[in-house]
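Undergrad: Questions regarding the structure given below will be posed in turn.
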Amino acid sequence: MGYFRSIVQGGAFLLFTGFFVPVHAESSAEAKIKALEARLEQSMALIEQLAAKVSQLEQAGAGVREVQTQSARQSAKIEQIEQHVASLGSGVARHSGDVGLPLHGFADVGLVKSGEDNPVFGKGPKGATVGTVSLYMAPQFTERVRSLVELAFEVDAGGDVETDLERVQIGYAFSDAAIAWLGRFHTPYGYWNTAFHHGAQIQPSLTRPRLIDFEDDGGILPAHTTGLWLTGAVAAESGRFGYDIYLGNAPQINGTAVGSALSAVTTGGFSPALNALGAAGYAGSGTLNMRQAGSDRHRTSTGFNAWLEPRFAKGLRIGLHGLRTTVVDDSADANETRLNMFGGYLTYLGEPWEIVGEYYRFRNRDLSGATGNHGSWAGFAQVGHTFGAWTPYARTERAQLDQDDNYFAVLESGRSYKRSAFGVRYDVDPKAALKVEINRTHQDDLGTAGSDSYVETRAQYSIRF
Amino acid sequence: MSLKLLFRVLAALFGWLCLSAHAAEVFVICNSGVQIAAPEIKEVFTGDKQFAGTLKLNPVDNGPLQAAFLSAVLKLDTLRYNMIWTKKSFREGINPPPVKSGDSDVLDFVRKTPGAIGYVSSAPSGVTVIQKF
């Protein structure tokens, strides 16, 4: 019974829902449809908005890509311009001959502690020093006309600044084998004098060998000549040959003064004329003057240098050199000496070795007196070895100079000597070098003062630009 | 052991090939009026040879290609090259070759200038190629 009742109730419920629910559903469906339509419209509006936004974003994205592309193009252009400017800058720096005048130079400063102390030369220097500022330029006017001008500011032993027109050369190049220069130039004997001269930064050692020092610095040869210089080089199967032939104003010995320090300590050992003066003599008081403005007592100086760089030994140069001139001094005796120098030299500049050796043999003739011929000699050898930025070096020098020869007797620097030098060069960068050197000098020909040995220590910081 | 060796040889060969493939080509060129041989190129660019007969030579450097040229042709690095010219200028009063901004500048200069010698990175026309490196 209960089961039957349940069936009836269920059937009644089904009938009720079957007849009445659809009626109610019809009315709610319309509302729903309207609601859906409204929502659809909203959705459509939203979609349209979204589509518009997407479109905007796409346009914006395209703009960004375009901006990025433009930016990349501009970067590339900037790089090109930078390279171009760098190249132009480099070109201008290296060949401003097209647009201006290139000026180069050398400068050096340093420290010195000299133990020299003798009656002839007195006490050596100690303390900080300023070396030389050398400025040079090489304007080329046409393909064949060229020039070289060098101005040097030097500090002398007394601390005064001296200005030297080191070189004023105007030349004409006929070919590689013949280049003619007229003016004041570095006298082309040996290798060192023309290769390094005032270029402290490119010079392998701190000091120059004393025997080829500058005229006002203790040298015994004219480091400069004013006149005509013909130079050239030719390449051949066996190597490269070069030569220098020059003639110019003969140097004179100026600045002689009676009662010199050397005469005071030795009254004999010189030529008879000088010996007769005793302590009132002028021995050792003069310095070489290159007579770059000519002279009322003009004499001519001639010289040559011939060298070979064989192909079988790259870096090697072997040469012969000679100089003949007549030197007059400004003493009351007006001594006149025919200076005859002949010698040879050898350089080897093949890394890591740097070797320079020069030999000078003198056969001087007394033209104003009756002392005849006098033989002397001088030379040096220097060896360096490069280890990266470091180049330790050693040098030995010797000059055996005849004091009967008026040329050496009258010159302040005409004393015999021996020197050993050891040093090290450190290349701070390609344009700056730091050097330290210690040398020991044994000074002879100091008369009753005997000889003097002393040690000198130097440091130098040099640059080129 | 032999496989390792073979591997190393192949690796070295591969590396060499890669390097070779990326090494810049250098064409040393001159004005059509210049008579000069390949062995003389170094003498020209280091200032030892300034004339070819009676003709004054005008070497020019190519800025972007200079390092490759110095290495491949002169067997020098830039520092050594600059040092050579510092000494040359100080001693002999001559100036280093001017530096051009690139191939087109060099080509233009070499075509127009009697005695000109330069170098470029691609095969040129209108000039004489002395040698390709």
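Read-outs: derived from the displayed coordinates by stated rules, not from any lab. Since the structure is predicted, the reported quantities are computational estimates derived from the model, not experimental observations. Here the Cβ is made from the backbone with ideal geometry for all residues, glycine too, and neighbour counts use every protein chain on show.
Undergrad: Residue by residue through the range B:85-94, which ³J(HN,Hα) values in whole Hz follow from phi under the Karplus form 6.51 cos²θ - 1.76 cosθ + 1.60 (θ = phi - 60°), with glycine and proline marked x?
TA: Working through the residues one at a time gives 6, 4, 5, 4, 5, 5, 8, 10, x, 10 Hz.
Undergrad: If you don't mind, another one. Would you pull out the residues with amide H under 5 Å of residue B:57's amide H, same chain only if 5 or more places away, H placed 1.01 Å from N?
TA: Sorted by chain and number, the residues that satisfy this are B:51, B:52.
Undergrad: Given the Cα-Cα distance of residue A:320 and residue A:155 and 0.36 nm per residue of separation, how much length would full extension add, in nm? Show your work: numbers first, answer last.
TA: Values: separation 165, 0.36 × 165 = 59.40 nm, distance 3.31 nm.
Extra length from residue A:320 to residue A:155 when fully extended: 56.1 nm.
Undergrad: For residue A:131, list long-range residues whose amide hydrogen, built 1.01 Å from N in the peptide plane, is under 5 Å from its own amide hydrogen.
TA: Amide H neighbours of residue A:131, under 5 Å, 5+ apart: A:108, A:109, A:110.
Undergrad: With 10 Å bins from zero, work out the P(r) of the range A:213-304 over every alpha carbon pair and list the percent per bin.
TA: In order of increasing distance, the bins hold 15, 30, 28, 16, 8, 4, 0 percent.
Undergrad: Take residue A:47 and residue A:359, extend 7 Å from each Cα along the Cα→Cβ direction, and tell me the distance between the two endpoints in nm.
TA: It is 10.9 nm.
Undergrad: Spelling out what I want: for every residue of the range A:242-254, take phi, set θ = phi - 60°, compute 6.51 cos²θ - 1.76 cosθ + 1.60 (Karplus), and round to whole Hz; glycine and proline get x.
TA: x, 8, 9, 10, 9, 9, x, 5, 6, x, 10, 9, 10
Undergrad: Would you mind getting the Kirkwood hydrodynamic radius of the range A:102-464 from its Cα pairs, rounded to one decimal in Å? Kindly include the intermediate steps, with their values, before the conclusion.
TA: On the way: mean 1/r = 0.0470 Å⁻¹.
Evaluated on the range A:102-464, it is 21.3 Å.
Undergrad: Let me ask another. Taking Cα pairs under 8 Å and at least six residues apart, what relative contact order does the range A:102-464 come out at, in percent?
TA: Numbers: 1049 pairs, mean separation 57.1, N = 363.
Relative contact order of the range A:102-464: 16 percent.
Undergrad: Same structure, new question: Compute the Cα gyration tensor for the range B:65-107, then decide on rounded, prolate or oblate, letting a ≥ b ≥ c be the square roots of its eigenvalues: rounded whenever a/c is under 1.5, prolate when a/b is larger than b/c in the other cases, and oblate in all that remain. Mind dumping the intermediate values first?
TA: Numbers: a/c = 3.11, a/b = 1.40, b/c = 2.22.
Oblate is the answer for the range B:65-107, as a/c is 1.5 or above yet b/c matches or exceeds a/b.
Undergrad: Can you tell me the mean projection area, over all orientations, of the convex hull of the range A:200-245's alpha carbons? Units nm², please. Could the numbers behind the result be given before it?
TA: Values: hull surface 20.8 nm².
Projected over every direction and averaged, the Cα hull of the range A:200-245 covers 5.2 nm².
Undergrad: Further question on the same structure: Starting from the Cα of residue A:123, draw a straight line to each of the aspartates and glutamates and keep only those under 14 Å, dropping any in the same chain fewer than 8 residues away.
TA: Excluding near neighbours in sequence, the set is A:452, A:456.
Undergrad: Under a point spin-label approximation (7 Å from Cα along Cα-to-Cβ), what is the residue A:349-residue B:104 distance to one decimal in nm?
TA: For the pair residue A:349/residue B:104, the computed spacing is 4.0 nm.
Undergrad: I need the semi-axes of the equivalent ellipsoid of the range A:112-178: take the C-alpha gyration tensor, multiply each eigenvalue by 5, square-root it, list largest first in whole angstrom. Don't skip to the end; give the middle numbers.
TA: Values: eigenvalues 311, 34, 17 Å².
One finds semi-axes of 39, 13, 9 Å for the range A:112-178.
Undergrad: Still on this structure: Between residue A:418 and residue A:332, 0.36 nm times their residue separation minus their Cα-Cα distance comes to what? Don't skip to the end; give the middle numbers.
TA: Details: separation 86, 0.36 × 86 = 30.96 nm, distance 3.18 nm.
Here the answer is 27.8 nm.
Undergrad: Taking the simple approach of a point 7 Å from Cα along Cα-to-Cβ for both residue A:258 and residue A:394, what is their distance in nm?
TA: 5.0 nm
Undergrad: OK, next. Check which residues have an amide H placed less than 5 Å from residue A:213's amide H, if you skip close sequence neighbours.
TA: For residue A:213, the qualifying residues are A:219, A:220.
Undergrad: For the range A:154-170, what does the Karplus curve 6.51 cos²θ - 1.76 cosθ + 1.60, with θ = phi - 60°, yield as ³J(HN,Hα) per residue in whole Hz, taken in order and with x for Gly and Pro?
TA: 10, 9, 7, 4, x, x, 7, 8, 10, 10, 10, 7, 3, 9, 9, 10, 10
Undergrad: In addition: Would you list, by chain and number, the lysines whose Cα falls below 26 Å from the Cα of residue B:88, excluding same-chain residues fewer than 8 positions away?
TA: Correct list for residue B:88: A:314, A:431, A:435, B:42, B:49, B:56, B:75, B:100.
Undergrad: Return a whole-number percent for the relative contact order of the range A:338-429, with Cα pairs under 8 Å and 6 or more residues apart as the contact set.
TA: On the way: 206 pairs, mean separation 20.6, N = 92.
Answer for the range A:338-429 is 22 percent.
Undergrad: Can you tell me the convex hull volume per residue for the range A:374-416, based on C-alpha atoms, in Å³ to the nearest whole number?
TA: 69 Å³
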